[in-house]
1. Which condition number does A55 fail, the rest of (1) modelled with pLDDT of 95 or more; (2) exposed (fewer than 13 other Cβ atoms within 10 Å of the Cβ); (3) small (G, A, S) being met?
2. Which of the residues belonging to the stretch 13-37 are polar (S, T, N, Q) and without any contact (Cβ under 8 Å) to a residue 40 or more places away in the chain?
3. State whether one or more residues within the stretch 101-110 are touching a Ser or Thr at 6+ places or on another chain (Cβ under 9 Å), at negative phi, open to solvent by less than 80 Å² (accessible area, probe 1.4 Å) and part of a loop (DSSP other than H, G, I, E, B).
4. Quick check on my filter: what residues within the stretch 18-44 are buried (at least 16 other Cβ atoms within 10 Å of the Cβ) and part of a helix (DSSP H, G or I)?
5. Give me the residue from the stretch 68-109 that is aliphatic (A, V, I, L, M) and out of contact with any strand residue (DSSP E or B) (no Cβ under 6 Å at 6 or more places or on another chain) and, out of that set, nearest to D148 (Cα to Cα).
Amino acid sequence: MPLLNCPECDLALTERSYHEHISYTHLGTKCYFPGSDMVLPQQNDSRMTAELERANAELGGGQGDGGVFWCYWPGCHNGVHHSYKGIEGLKRHLRTKQRTAYQAEAEAEAAAPAPAPAPSTDDNTRGRTSQQQASGDRSRPDVPRILDNVQQAQARVSEAWTALVKAQNELIEAVRDAAAFNTFSPPAAPATRASDSNSDTESAGDGRSDRDGRNDKQRAGSGAGDPETESRVDQTESQGVEA
(Lines give C-alpha, C1' and ligand atoms only; values in the text may rest on other atoms or scores of the structure.)
Protein backbone atom coordinates (compact mmCIF):
# COMPACT_ATOMS: atom_id res chain seq x y z
CA MET A 1 0.00 0.00 0.00
CA PRO A 2 1.51 3.35 -0.99
CA LEU A 3 2.21 5.88 1.73
CA LEU A 4 1.47 9.57 1.68
CA ASN A 5 3.69 12.23 3.20
CA CYS A 6 2.28 15.07 5.28
CA PRO A 7 3.21 18.36 3.56
CA GLU A 8 3.91 20.03 6.92
CA CYS A 9 5.82 17.40 8.91
CA ASP A 10 6.74 14.95 6.08
CA LEU A 11 5.34 12.04 8.11
CA ALA A 12 4.65 8.95 5.91
CA LEU A 13 1.14 7.63 6.47
CA THR A 14 -1.40 5.32 4.90
CA GLU A 15 -4.19 7.04 3.00
CA ARG A 16 -6.71 6.71 5.85
CA SER A 17 -4.23 7.83 8.51
CA TYR A 18 -3.09 10.67 6.29
CA HIS A 19 -6.60 12.13 5.99
CA GLU A 20 -7.13 11.84 9.75
CA HIS A 21 -3.73 13.40 10.39
CA ILE A 22 -4.31 16.49 8.27
CA SER A 23 -7.85 16.90 9.65
CA TYR A 24 -6.94 17.65 13.26
CA THR A 25 -3.19 18.24 13.54
CA HIS A 26 -0.98 21.21 12.58
CA LEU A 27 -3.48 23.63 14.12
CA GLY A 28 -1.58 26.86 13.44
CA THR A 29 -0.60 29.52 15.94
CA LYS A 30 -3.86 31.53 16.21
CA CYS A 31 -6.86 30.14 18.09
CA TYR A 32 -10.06 30.50 16.02
CA PHE A 33 -12.55 29.62 18.77
CA PRO A 34 -14.88 32.66 18.99
CA GLY A 35 -13.85 34.76 21.98
CA SER A 36 -10.28 33.44 22.23
CA ASP A 37 -7.39 35.77 21.41
CA MET A 38 -4.49 33.38 21.97
CA VAL A 39 -1.65 33.52 19.46
CA LEU A 40 1.34 31.18 19.93
CA PRO A 41 4.87 32.07 18.87
CA GLN A 42 4.99 28.78 17.00
CA GLN A 43 2.73 25.81 16.35
CA ASN A 44 2.03 23.70 19.43
CA ASP A 45 -0.95 21.38 19.07
CA SER A 46 -1.04 20.48 22.79
CA ARG A 47 -1.31 24.09 23.93
CA MET A 48 -3.82 24.87 21.19
CA THR A 49 -6.02 21.92 22.24
CA ALA A 50 -5.93 23.10 25.87
CA GLU A 51 -7.01 26.60 24.79
CA LEU A 52 -9.84 25.16 22.70
CA GLU A 53 -11.10 23.18 25.71
CA ARG A 54 -10.88 26.26 27.94
CA ALA A 55 -12.78 28.50 25.50
CA ASN A 56 -15.44 25.81 25.00
CA ALA A 57 -15.93 25.37 28.76
CA GLU A 58 -16.16 29.15 29.23
CA LEU A 59 -19.32 29.15 27.07
CA GLY A 60 -20.86 26.22 28.97
CA GLY A 61 -19.42 23.25 27.06
CA GLY A 62 -17.28 20.36 28.30
CA GLN A 63 -18.37 17.55 30.59
CA GLY A 64 -22.08 17.49 31.40
CA ASP A 65 -24.60 15.24 33.11
CA GLY A 66 -24.49 11.57 32.22
CA GLY A 67 -20.76 11.59 31.49
CA VAL A 68 -21.08 13.17 28.03
CA PHE A 69 -18.98 16.05 26.69
CA TRP A 70 -20.63 19.00 24.92
CA CYS A 71 -19.45 21.23 22.09
CA TYR A 72 -20.50 24.88 22.49
CA TRP A 73 -18.63 26.30 19.48
CA PRO A 74 -20.99 29.10 18.33
CA GLY A 75 -22.78 28.20 15.12
CA CYS A 76 -21.53 24.60 15.07
CA HIS A 77 -24.20 22.19 13.75
CA ASN A 78 -26.43 25.19 12.93
CA GLY A 79 -26.29 26.35 16.54
CA VAL A 80 -27.50 23.04 18.02
CA HIS A 81 -25.26 21.92 20.87
CA HIS A 82 -24.12 18.31 20.47
CA SER A 83 -22.26 15.88 22.69
CA TYR A 84 -19.66 13.10 22.58
CA LYS A 85 -19.35 10.03 24.76
CA GLY A 86 -15.73 10.71 25.70
CA ILE A 87 -13.36 13.64 26.11
CA GLU A 88 -11.18 12.43 23.22
CA GLY A 89 -14.12 12.66 20.86
CA LEU A 90 -14.74 16.26 21.92
CA LYS A 91 -11.03 17.14 21.58
CA ARG A 92 -10.87 15.65 18.09
CA HIS A 93 -13.96 17.65 17.10
CA LEU A 94 -12.58 20.95 18.44
CA ARG A 95 -9.21 20.36 16.73
CA THR A 96 -11.02 19.65 13.46
CA LYS A 97 -12.92 22.95 13.75
CA GLN A 98 -9.64 24.76 14.49
CA ARG A 99 -7.83 23.09 11.60
CA THR A 100 -10.65 23.95 9.16
CA ALA A 101 -10.60 27.64 10.13
CA TYR A 102 -6.79 27.78 10.00
CA GLN A 103 -6.67 26.13 6.58
CA ALA A 104 -9.39 28.44 5.20
CA GLU A 105 -7.40 31.52 6.21
CA ALA A 106 -4.18 30.06 4.79
CA GLU A 107 -5.87 29.34 1.46
CA ALA A 108 -7.37 32.85 1.36
CA GLU A 109 -3.96 34.39 1.93
CA ALA A 110 -2.41 32.15 -0.74
CA ALA A 111 -5.11 33.18 -3.24
CA ALA A 112 -4.43 36.87 -2.67
CA PRO A 113 -2.51 38.54 -5.50
CA ALA A 114 1.23 38.97 -5.13
CA PRO A 115 2.48 42.35 -3.92
CA ALA A 116 3.00 44.89 -6.65
CA PRO A 117 6.61 45.44 -7.72
CA ALA A 118 8.52 48.42 -6.43
CA PRO A 119 7.75 51.64 -8.28
CA SER A 120 10.00 52.27 -11.26
CA THR A 121 12.06 55.40 -11.46
CA ASP A 122 11.15 55.70 -15.11
CA ASP A 123 8.54 58.42 -15.54
CA ASN A 124 6.90 56.49 -18.38
CA THR A 125 6.20 53.40 -16.23
CA ARG A 126 5.53 55.08 -12.86
CA GLY A 127 1.86 55.77 -13.72
CA ARG A 128 1.17 52.20 -14.85
CA THR A 129 2.79 50.77 -11.70
CA SER A 130 0.60 52.92 -9.43
CA GLN A 131 -2.53 51.81 -11.26
CA GLN A 132 -1.57 48.13 -10.98
CA GLN A 133 -0.86 48.50 -7.25
CA ALA A 134 -4.24 50.18 -6.61
CA SER A 135 -6.02 47.43 -8.56
CA GLY A 136 -4.26 44.75 -6.51
CA ASP A 137 -5.27 46.41 -3.22
CA ARG A 138 -8.93 46.45 -4.26
CA SER A 139 -8.98 42.77 -5.26
CA ARG A 140 -7.20 41.49 -2.14
CA PRO A 141 -9.76 40.02 0.30
CA ASP A 142 -9.92 41.47 3.81
CA VAL A 143 -9.49 38.15 5.63
CA PRO A 144 -9.75 39.45 9.23
CA ARG A 145 -12.95 41.33 8.42
CA ILE A 146 -14.45 38.28 6.71
CA LEU A 147 -13.65 36.05 9.71
CA ASP A 148 -15.05 38.64 12.10
CA ASN A 149 -18.31 38.75 10.12
CA VAL A 150 -18.52 34.95 10.19
CA GLN A 151 -18.05 34.88 13.96
CA GLN A 152 -20.69 37.55 14.47
CA ALA A 153 -23.14 35.64 12.29
CA GLN A 154 -22.45 32.46 14.27
CA ALA A 155 -23.11 34.28 17.53
CA ARG A 156 -26.42 35.66 16.20
CA VAL A 157 -27.51 32.19 15.12
CA SER A 158 -26.71 30.84 18.59
CA GLU A 159 -28.72 33.62 20.27
CA ALA A 160 -31.67 33.08 17.93
CA TRP A 161 -31.67 29.35 18.67
CA THR A 162 -31.65 30.00 22.43
CA ALA A 163 -34.61 32.38 22.06
CA LEU A 164 -36.47 29.79 19.94
CA VAL A 165 -36.00 27.05 22.56
CA LYS A 166 -37.25 29.43 25.30
CA ALA A 167 -40.34 30.37 23.26
CA GLN A 168 -41.06 26.69 22.58
CA ASN A 169 -40.93 25.88 26.31
CA GLU A 170 -43.29 28.78 27.08
CA LEU A 171 -45.71 27.53 24.41
CA ILE A 172 -45.70 24.03 25.91
CA GLU A 173 -46.50 25.44 29.37
CA ALA A 174 -49.35 27.54 27.93
CA VAL A 175 -50.85 24.49 26.17
CA ARG A 176 -50.67 22.50 29.41
CA ASP A 177 -52.43 25.28 31.34
CA ALA A 178 -55.18 25.48 28.70
CA ALA A 179 -55.69 21.71 28.80
CA ALA A 180 -55.96 21.76 32.61
CA PHE A 181 -58.55 24.58 32.45
CA ASN A 182 -60.72 22.72 29.89
CA THR A 183 -60.98 19.62 32.12
CA PHE A 184 -62.71 21.63 34.93
CA SER A 185 -66.56 21.28 35.07
CA PRO A 186 -68.86 23.28 37.44
CA PRO A 187 -71.16 21.38 39.87
CA ALA A 188 -74.67 20.55 38.59
CA ALA A 189 -77.61 22.65 39.81
CA PRO A 190 -80.00 20.80 42.20
CA ALA A 191 -83.22 19.44 40.67
CA THR A 192 -86.27 21.34 41.92
CA ARG A 193 -89.01 20.57 39.38
CA ALA A 194 -90.14 17.35 41.08
CA SER A 195 -90.44 18.98 44.49
CA ASP A 196 -92.31 21.95 43.00
CA SER A 197 -94.80 19.56 41.37
CA ASN A 198 -95.36 17.77 44.68
CA SER A 199 -95.99 21.12 46.42
CA ASP A 200 -98.62 22.07 43.81
CA THR A 201 -100.39 18.75 44.28
CA GLU A 202 -100.42 19.13 48.05
CA SER A 203 -101.80 22.69 47.77
CA ALA A 204 -104.64 21.51 45.53
CA GLY A 205 -105.46 18.72 47.97
CA ASP A 206 -105.51 21.12 50.91
CA GLY A 207 -107.99 23.38 49.02
CA ARG A 208 -110.42 20.55 48.40
CA SER A 209 -110.21 19.49 52.07
CA ASP A 210 -111.11 23.00 53.21
CA ARG A 211 -114.17 23.12 50.96
CA ASP A 212 -115.33 19.68 52.17
CA GLY A 213 -115.03 20.85 55.76
CA ARG A 214 -117.11 23.95 55.20
CA ASN A 215 -119.83 21.90 53.49
CA ASP A 216 -120.01 19.51 56.46
CA LYS A 217 -120.42 22.44 58.82
CA GLN A 218 -123.28 23.81 56.69
CA ARG A 219 -125.07 20.46 56.88
CA ALA A 220 -124.68 20.33 60.62
CA GLY A 221 -125.90 23.88 61.13
CA SER A 222 -128.92 23.56 58.87
CA GLY A 223 -130.15 20.32 60.35
CA ALA A 224 -130.27 16.86 58.88
CA GLY A 225 -133.35 15.86 56.93
CA ASP A 226 -134.18 19.33 55.54
CA PRO A 227 -134.61 18.74 51.79
CA GLU A 228 -134.04 22.32 50.81
CA THR A 229 -130.91 22.62 52.91
CA GLU A 230 -129.46 19.38 51.59
CA SER A 231 -130.23 20.52 48.05
CA ARG A 232 -128.31 23.76 48.57
CA VAL A 233 -125.38 21.91 50.10
CA ASP A 234 -125.30 19.42 47.24
CA GLN A 235 -125.44 22.29 44.76
CA THR A 236 -122.55 24.03 46.52
CA GLU A 237 -120.48 20.84 46.46
CA SER A 238 -121.17 20.39 42.77
CA GLN A 239 -120.02 23.92 42.03
CA GLY A 240 -116.87 23.39 44.11
CA VAL A 241 -115.99 20.20 42.22
CA GLU A 242 -116.50 21.86 38.82
CA ALA A 243 -114.35 24.74 39.88
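1. (2)
2. Listed by number, the residues that qualify are T14, S17, T29, S36.
3. The answer is no, given that none of the residues of the stretch 101-110 is touching a Ser or Thr at 6+ places or on another chain (Cβ under 9 Å), at negative phi, open to solvent by less than 80 Å² (accessible area, probe 1.4 Å) and part of a loop (DSSP other than H, G, I, E, B).
4. Y18, H21, I22, Y24
5. If we take residues in the stretch 68-109 being aliphatic (A, V, I, L, M) and out of contact with any strand residue (DSSP E or B) (no Cβ under 6 Å at 6 or more places or on another chain), then A101 is nearest to D148 (Cα to Cα).
The values are calculated or read from the model by the stated rules, or taken from the named source; none is laboratory data. The shown structure was predicted, so the numbers you read here are calculated from the model rather than taken from an experiment. Counting neighbours? That spans all protein chains shown, and the Cβs are built from the backbone with ideal geometry, glycine included. The protein model used for the area step is the full one, side chains on, heavy atoms only, and it has no ligands, DNA or RNA in it. Shrake-Rupley method; radii C 1.70, N 1.55, O 1.52, S 1.80 Å.
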